[in-house]
Structure formats: structure tokens, C-alpha cells
Amino acid sequence: MSDFNKQAGSLSEKAGISSPEITNVSAINQIKFKRRQQPTATELIAGILEGNRTSLSRAITLIESTNPEHAEKANEIINGCISHANKSLRIGITGVPGVGKSTFIEAFGTHLTQLEKKVAVLAVDPSSSISHGSILGDKTRMEELVKDENAFIRPSASGENLGGVARKTRESIILCEAAGFDTIIIETVGVGQSETAVHSMVDFFLLLKISGAGDELQGIKRGIMEMADAIVINKADGDNIKRANQAKVEFNRALHLFPPKKSNWQPKVTTCSSITKDGISDVWNSILDYFEMTKETGFFQEKRNEQNQFWMMETINEQLKQNFYNQPEIISLLEQNKKAVQNNEISPFAAAQLLLNQYKKSF
């Protein structure tokens with residue numbers, strides 16, 4: 001075998017570090033015990049109100065859990081934090097994959113922390129419909145912001161949720177506000193024109209676009225464009241500046257085709273570069289103008305009140321769904337009817353009605 005083949009490859013196993021001869025077994029056992037020990041809801045609430053990042057992360061993990069045993073503890077935490085919430089500006093940021101959402105949020109978030117803002121980023125990554133896994137790589141992409149002591153980044157998987165957000169993003173906002181973060185940024189998965197969920201939980205909805213990708217034609221379509229409070233043409237740097245400015249003109253024309261917003265706010269189109277940071281301050285100033293105007297007219301609080309009602313109904317729907325699928329009688333009957341439907345022994349509609357009738361009997 002040649003010397004080249006004898007050399008260790010990048011995937012070959014290397015000799016590890018040998019354990020020290022003297023090991024403190026008591027200390028190891030104590031560390032393992034603390035890791036297994038779960039803090040109470042009261043302890044997590046106290047930690048969140050003190051701004052403890054570990055407590056905040058643990059609490060978000062609890063509320064995101066689908067384990068029914070965690071639901072009661074999660075609700076106790078939310079109830080303990082709700083009176084300390086509602087003191088932030090909530091900004092939703094969306095755009096098609098590849099538009100540079102994470103890079104923009106890092107530049108934008110860093111700008112805000114330099115203004116002494118405390119920024120929480122709730123980033124939602126798409127989940128695979130096959131493996132149900134998610135990369136959750138936002139912390140890697142925001143490598144500078146993640147080290148900022150005035151920033152908190154929490155990636156979550158979208159799961160089966162539509163609308164570009166995770167199942168418990170709304171509750172996570174409450175916990176972040178209670179922890180003292182005054183600016184909450186929600187980065188969606190970027191699913192195109194179905195961002196209704198994130199629009200219903202933020203105060204300001206920002207749509208990122210890029211030039212030269214056919215986006216100018218998308219500007220005249222209804223849907224997500226009607227929800228946007230601002231459109232930002234990203235990647236306006238280098239040879240792309242001219243194209244970005246042209247796209248800005250096209251989007252401005254498109255926005256005038258839409259009826260006036262309920263807030264009477266006229267959405268603005270700006271350009272920026274997340275690399276050179278040009279235009280980032282203009283985006284923030286535009287957002288401040290929006291908040292100043294909507295607070296003066298009362299629309300800001302009116303929208304918040306409507307959102308609270310909306311999420312009350314959504315929570316009821318979610319609880320009914322969970323309760324339905326966790327009923328022992330439903331679990332067994334559901335499997336039977338799945339097979340019957342597959343074998344064409346019963347129609348999907350009749351099977352569904354049978355299950356619903358069984359569920360009604362439990363009350």
C-alpha cells in the first residue's frame with residue numbers, strides 16, 4: 001500500500017483523548033442529576049422576567065412541545081408572563097427563498113442593537129414533508145448577530161403549519177416580550193403568497209424582494225402584496241444597483257393599483273444592501289414613521305385587539321383538534337377507518353362523520 005493510501009482521510013477515526021486516571025464520580029453524578037432536573041413553571045417565569053436566556057429557551061421548548069403532559073406547565077408560564085408582554089414592536093419579514101432574509105435580518109438587527117434596542121429573532125425554518133426534519137440553520141447564517149448580547153435568536157421548525165410560521169410563534173412572542181425584548185422580528189419560511197398567519201401576529205409586515213428575478217411582474221398580483229406595509233429591494237449593491245432602482249420604480253407603480261389600506265398608510269418601496277449596509281437605516285426610519293402614524297390614529301391598538309381575538313379562536317381550534325386526536329376511542333377507531341377508506345369499504349366523508357359522532361358521545 002502506498003504512503004498516500006496510508007495517510008488518514010478526513011473521515012477516518014482518530015485516536016481520542018484518554019480519560020484521566022482520577023475521576024470525580026460524585027461531581028459527574030451531580031452534573032447528570034442537574035441535567036435531568038427540570039425547573040418548575042414558577043422558576044422559569046422568574047428566570048424569563050430576569051432576562052435569563054436559558055429560562056426563555058427552555059420555556060419556548062415547552063410551549064412548542066406536542067406532549068400533552070407539557071401543556072399545563074406551558075399554559076402556566078404563558079399566564080405568568082402575559083401581564084409583562086405587549087411592550088414591543090413586532091415586525092414580520094418575508095420573501096421568497098434566496099431573497100436574503102437571514103442576511104438582511106442580521107444587518108437590520110445589528111443596526112437596531114447599535115441603537116440600544118433589544119432584539120429577539122424568531123426564525124422559522126421549513127420542515128420536510130417526508131422526514132419531518134428541519135435544518136434550523138439561522139443561527140449559523142446570523143453568525144455576528146448571534147454573538148450580540150442584546151440579541152436573541154430562536155430557530156423553530158414550521159412543522160405542518162401553513163402561513164410561514166411555527167405552531168407556537170404567537171406564544172413565543174409573549175415570552176420574549178416578558179424577557180425584556182423591545183423589538184421582535186419574525187422571519188417566515190418564505191412560502192410565497194400564503195403568509196396570512198404571520199400577518200395576524202405582527203404590527204408591521206415587510207416584504208423582501210430582489211430585482212431581475214421576475215419579481216416586478218409579481219408586484220401587480222394581489223395577496224401578499226396587499227398585506228405588505230413596506231417593500232424592500234434587497235441586494236442593491238455592485239452591478240445590481242441600477243436593476244434594484246428600476247425594480248423600485250416598478251413596485252411603486254404596482255402599489256398604486258391597490259385600494260387604500262385600513263390604516264391609511266401608504267406602503268413605501270426602498271432599496272438596501274445587507275452587505276454594504278446601505279439603506280438599512282432608511283428601512284428602520286420607514287417603520288418608525290408607520291408606528292408613529294398608526295399610534296396617533298389609534299389603528300395600532302385596534303389591530304392588536306383584533307389579533308388577540310383572532311388568536312383566541314385559533315387557540316380554541318388547536319385545542320379541539322388536539323383533544324380529538326388524543327381521545328383513546330378516536331385513536332383506535334381512526335386506524336380502523338383509515339384501512340376501510342383505503343379499501344373503499346366506506347367513503348372518506350362517511351368515515352369522518354362516524355369519527356365525529358363518536359367524539360360527541362364522549363361529552
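The values are calculated or read from the model by the stated rules, or taken from the named source; none is laboratory data. Note that the coordinates shown come from a computational prediction; the quantities given were computed from them, not determined experimentally. Reconstructed Cβ throughout: ideal geometry from the backbone, glycine too, with neighbour counts over all protein chains shown.
Matching residues to (1) assigned by TED's automatic domain parsing to the domain that holds residue 91; (2) surrounded by 14 or more Cβ atoms within 10 Å (Cβ to Cβ); (3) modelled with pLDDT under 95:
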position: 253; (1), (2), (3): yes, no, yes
position: 259; (1), (2), (3): yes, no, yes
position: 268; (1), (2), (3): yes, yes, yes
position: 275; (1), (2), (3): yes, yes, yes
position: 283; (1), (2), (3): yes, yes, no
position: 317; (1), (2), (3): no, no, yes
position: 326; (1), (2), (3): no, no, yes
position: 330; (1), (2), (3): no, yes, yes
position: 357; (1), (2), (3): no, no, yes
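Just one of the numbered conditions (1) farther than 26 Å from residue 170 by Cβ; (2) at pLDDT 95 or above; (3) surrounded by fewer than 19 Cβ atoms within 10 Å (Cβ to Cβ) is not true of residue 288: (1).
Restricting the first member to segment 50-70 and to residues that are under 20 Å from residue 179 (Cα atoms), and the second to residues that are of a type in the set (Lys, Arg) and modelled with pLDDT under 85, the beta-carbon pairs closer than 8 Å and six or more apart or on different chains are 60/168; 63/168; 64/167; 64/168.
Would you mind finding the one in 235, 248 that is assigned to a helix (DSSP H, G or I) and at pLDDT 90 or above?
On the way: 235 fails: assigned to a helix (DSSP H, G or I).
Only one candidate passes the filter, namely 248.
Within segment 305-359, being free of Cβ contacts under 8 Å to residues at least 12 places away in the same chain, aromatic (Phe, Trp, Tyr) and under 24 Å from residue 67 (Cα atoms) holds for one residue alone: 325.
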